[in-house]
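Participant: Let me give you the structure first, and then I'll get to my questions.
The values are calculated or read from the model by the stated rules, or taken from the named source; none is laboratory data. Everything numeric here is computed off the predicted structure, so don't read it as measured data. Here the Cβ is made from the backbone with ideal geometry for all residues, glycine too, and neighbour counts use every protein chain on show. Areas reflect the complete protein model, heavy atoms only, side chains present, ligands, DNA and RNA absent. Shrake-Rupley method; radii C 1.70, N 1.55, O 1.52, S 1.80 Å.
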Amino acid sequence: MANMIDGKLIAASLRDECAQRVLTLKEKGVSPRLDVIIVGDDPASHQYVNSRLKDCADIGLESITHTLPAVAEQAELVDLIEQLNADAAVHGILLQMPLPKSMNSDEVIAHISPKKDVDGLTVANAGALYTGREGFAPCTPSSVMTLIKSTGVPIKGKNAVVVGRSIVVGKPAAMLLLKEHATVTICHSRTADLAAHTRDADILVAAVGVPGLIKGDMIKPGAVVVDAGINRVDGKTVGDVEFESAEKVAGYISPVPGGVGPVTRKILLANTLTAAERMNEAE
Ligand code: NDP
């Protein structure tokens, strides 16, 4: 039976670290702050944002929400972003996605200062990840890496397979694994023989959005399996890995829920604190 990678436990320890970093910043006269922008009234987006605000309050990190109506002009949103970029009291900007269809997300995101882009959405931060420069990786792949590292299994020289190539999860996860010297394969919907690749993985990351796609017989015995998938099936949240069969083969496995998700939330806080620390050091 696989060892469980307990995301909730790791999140709790990250939370305490973040709370300590807030205190240290405040001792230096810096009040770290995350500004959240939400456009429209999609209930799921508002629920997501509210949970982020609670996370901030929990560690004493100031957070301010800016709500624009769904009918707002793109120029109005861009103006707001430019104001937050220029405001030295703001350390992180979280732009809640999706934006209304009337707006061009890429054009809007391009206005976020990379230094405050704590969600790692900008092309500048994708480029920083690609070239190994200082920046912010998106929160979910950073969470994936935190879970993998928590096992203590060395990454260097291992075969790592990432299933999924989105710009928010799969591709950045692959880049982060490469940075740690894994030999990385990225699989996607056109991969000819998915199982042949996954069976070769010492480290397997699932970021697909297809419930139970990865079955136990597709996993190398003893592998580290991290499941970033979040799927609703019959009112339950399940991952991209078929947990029951996978846990019999894997060496380590992250559950869904209780794996990648809780840690992702804390990474957003950690990134905001990193932004505040960097800005303070640069002064
Ligand atoms: P996308 O839909 O953007 O990307 C899915 C990827 O999976 C694509 O690259 C696609 O390939 C690939 N894919 C789809 N079907 C198959 C298949 N049958 N075999 C192999 N590859 C396949 O999703 P995201 O990356 O945004 O999200 C992935 C999962 O992670 C979702 O379940 C999402 O809910 C979850 N997620 C979790 C977060 C967290 O904090 N835990 C945060 C964000 C997302 P192709 O490129 O060829 O289309």
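Participant: Residue 275 versus (1) of a type outside the set (D, E, K, R); (2) more than 14 Å from the ligand (Cβ to nearest atom); (3) open to solvent by 40 Å² or more (accessible area, probe 1.4 Å): which is the lone unmet condition?
Facilitator: (3)
Participant: Just a yes or no: is a residue in the stretch 121-135 in contact with a Phe, Trp or Tyr (Cβ under 8 Å, 6 or more places away or on another chain), in a loop (DSSP other than H, G, I, E, B) and open to solvent by less than 20 Å² (accessible area, probe 1.4 Å)?
Facilitator: Looking through the stretch 121-135, none of the residues is in contact with a Phe, Trp or Tyr (Cβ under 8 Å, 6 or more places away or on another chain), in a loop (DSSP other than H, G, I, E, B) and open to solvent by less than 20 Å² (accessible area, probe 1.4 Å).
Participant: From the list 233, 225, 168, pick out the single residue that is touching a strand residue (DSSP E or B) at 6+ places or on another chain (Cβ under 9 Å), modelled with pLDDT of 95 or more and among the hydrophobic types (A, V, I, L, M, F, W, C).
Facilitator: On inspection, the qualifying residue turns out to be 225.
Participant: Tell me whether the stretch 48-62 contains one or more residues that are in contact (Cβ under 8 Å) with a residue 60 or more places away in the chain, among the aliphatic types (A, V, I, L, M) and within 30 Å of residue 250 (Cα to Cα).
Facilitator: No - not one qualifying residue is present in the stretch 48-62.
Participant: Looking only at the stretch 200-221, decide whether some residue is among the charged types (D, E, K, R) and surrounded by 20 or more Cβ atoms within 10 Å (Cβ to Cβ).
Facilitator: no
Participant: Among the residues of the stretch 155-203, which ones are near the ligand (Cβ under 10 Å from one of its atoms), part of a helix (DSSP H, G or I) and more than 12 Å from residue 145 (Cβ to Cβ)?
Facilitator: Those that are near the ligand (Cβ under 10 Å from one of its atoms), part of a helix (DSSP H, G or I) and more than 12 Å from residue 145 (Cβ to Cβ): 170, 171, 194, 197, 198.
Participant: Can you report the number of residues in the stretch 154-167 which are crowded, with 16+ Cβ neighbours inside 10 Å and in contact (Cβ under 8 Å) with a residue 40 or more places away in the chain?
Facilitator: Final tally of qualifying residues: 9.
Participant: Collect the residues in the stretch 241-270 that are β-branched (Val, Ile, Thr) and either away from the ligand (no atom under 14 Å from the Cβ) or part of a loop (DSSP other than H, G, I, E, B) (or both), keeping them in residue-number order.
Facilitator: Hits for the stretch 241-270 are 249, 253, 256.
Participant: I need the full set of residues from the stretch 220-240 which are outside any loop (DSSP other than H, G, I, E, B) and either away from the ligand (no atom under 11 Å from the Cβ) or of a type in the set (D, E, K, R) (or both), in order please.
Facilitator: 224, 225, 227, 232, 233, 236
Participant: For the stretch 233-256, which residues satisfy the criterion of being without any contact (Cβ under 8 Å) to a residue 60 or more places away in the chain and within 19 Å of the chain's Cα centre (by Cα)?
Facilitator: Matches in the stretch 233-256: 237, 238, 239, 241, 256.
Participant: Then there is this: Do any strands (runs of 3 or more DSSP E) entirely within the stretch 1-97 hold 3 or more residues that are open to solvent by 10 Å² or more (accessible area, probe 1.4 Å) and on the phi < 0 side of the Ramachandran plot, and if so, which?
Facilitator: In the stretch 1-97, 62-68 are the strands (runs of 3 or more DSSP E) which contain 3 or more residues that are open to solvent by 10 Å² or more (accessible area, probe 1.4 Å) and on the phi < 0 side of the Ramachandran plot.
Participant: Right, something else. Among the residues that make up the stretch 48-62, is at least one of them over 17 Å from the mean Cα position of the chain (by Cα), farther than 30 Å from residue 175 by Cα and of a type in the set (Gly, Ala, Ser)?
Facilitator: yes
Participant: Inside the stretch 118-141, can you point out the residues that are farther than 20 Å from residue 36 by Cα and within 12 Å of the chain's Cα centre (by Cα)?
Facilitator: 141
Participant: Here's another thing I want to ask about it. Could you tell me whether the stretch 125-138 includes any residue that is under 17 Å from residue 207 (Cα atoms) and either hydrophobic (A, V, I, L, M, F, W, C) or touching a His at 6+ places or on another chain (Cβ under 9 Å) (or both)?
Facilitator: Among the residues of the stretch 125-138, at least one is under 17 Å from residue 207 (Cα atoms) and either hydrophobic (A, V, I, L, M, F, W, C) or touching a His at 6+ places or on another chain (Cβ under 9 Å) (or both), which makes the answer yes.
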